[in-house]
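Data block below; observations after.
The values are calculated or read from the model by the stated rules, or taken from the named source; none is laboratory data. Here the structure is a predicted model, which is why all the values come from computation and not from measurement. Positions of Cβ are generated from backbone atoms using ideal geometry, with glycine treated the same way; all protein chains shown enter the neighbour counts. Protein only, heavy atoms only, side chains kept; ligands, DNA and RNA dropped before computing areas. Shrake-Rupley method; radii C 1.70, N 1.55, O 1.52, S 1.80 Å.
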Amino acid sequence: MPSHENDESDRRHRLKMEKRKAVQDAEVAGKTVARKGLLMVHTGAGKGKSTAAFGLALRALGHGWKIGVVQFGKGQWRTGERNMLEKLGQEFGQVAWHTLGEGFTWETQDRARDEAAARRAWEKACELMDDREIRLLVLDELNISLRYEHLPLEEVLGALAARRDDLNVIVTGRNAKPELIAAADLVTEMTLVKHHFGAGVKAQEGIEF
């Protein structure tokens with residue numbers, strides 16, 4: 001390409017980026033809230049809801065935050081994220097991890113047991129919400145407990161709405177209730193496009209758990 005054509009291409013690109021920067025700067029300048037504790041929901045049929053929440057937890061830990069994790073539904077099986085975050089908690093005192101489920105409801109097949117486990121997990125969640133040192137709280141698979149009505153939705157929504165204004169909460173799990181979605185500041189839906197389970201690949205250490 002002749003040099004004058006290169007020069008013209010560079011000029012057009014520079015003008016385009018100048019306009020884009022002006023739009024971006026104006027958008028940033030329009031944001032007036034410097035800090036707000038967010039209610040975030042990760043839902044949808046796709047893989048990655050809890051994974052994304054623990055990625056955010058790792059980011060928060062990198063900034064010196066203390067974080068809390070309460071797992072609903074999931075039993076006491078060991079996962080890579082639990083192993084690592086508990087280790088960080090023991091070393092630095094920044095992680096309060098509580099796995100209080102007894103397995104998913106289709107595994108226990110005992111509604112009373114599921115409700116009791118969900119209640120224990122929710123009481124721990126409320127305790128951690130009152131801990132002023134915790135800045136990020138992951139309520140993993142809470143959506144499942146709400147879907148199967150193991151906890152009263154209004155009670156959960158009321159406590160989340162009444163939390164202190166500097167506490168960030170992430171709720172994960174499929175089939176988030178419309179009322180929770182309406183109350184949230186950020187909602188991400190993981191969309192299933194393709195999954196290796198469909199090709200007969202079992203859950204693998206380091207990928208699924």
Computed lengthening from Lys47 to Thr32, 0.36 nm per intervening residue step minus Cα-Cα distance
2.0 nm
Largest first and rounded to whole Å, the semi-axes √(5λ) derived from the alpha carbon gyration tensor of the range 52-162 read 24, 17, 10
Acute angle (nearest 10 degrees) that the helix 111-129 long axis makes with the longest principal axis of the chain, alpha-carbon atoms
60
To the nearest 10 degrees, the tilt of helix 80-92 (Cα long axis) against the first principal axis of the alpha carbons of the chain is 90
Mind checking which lysines have their Cα closer than 28 Å to the Cα of Lys74? Skip sequence neighbours fewer than 8 apart in that chain.
Lys47, Lys49, Lys66, Lys87, Lys124, Lys177, Lys194, Lys202
Provide the per residue accessible area, probe 1.4 Å, for the range 140-209, rounded to a whole number of square angstrom.
59
Can you give the convex hull volume per residue for the Cα atoms of the chain, as a whole number of Å³?
190
Roughly to the nearest percent, how much of the accessible area of the chain is carbon and sulfur, given a 1.4 Å probe?
53
Cβ crowding within 10 Å averaged over residues, with 52-62, 82-92 ranked highest first
52-62, 82-92
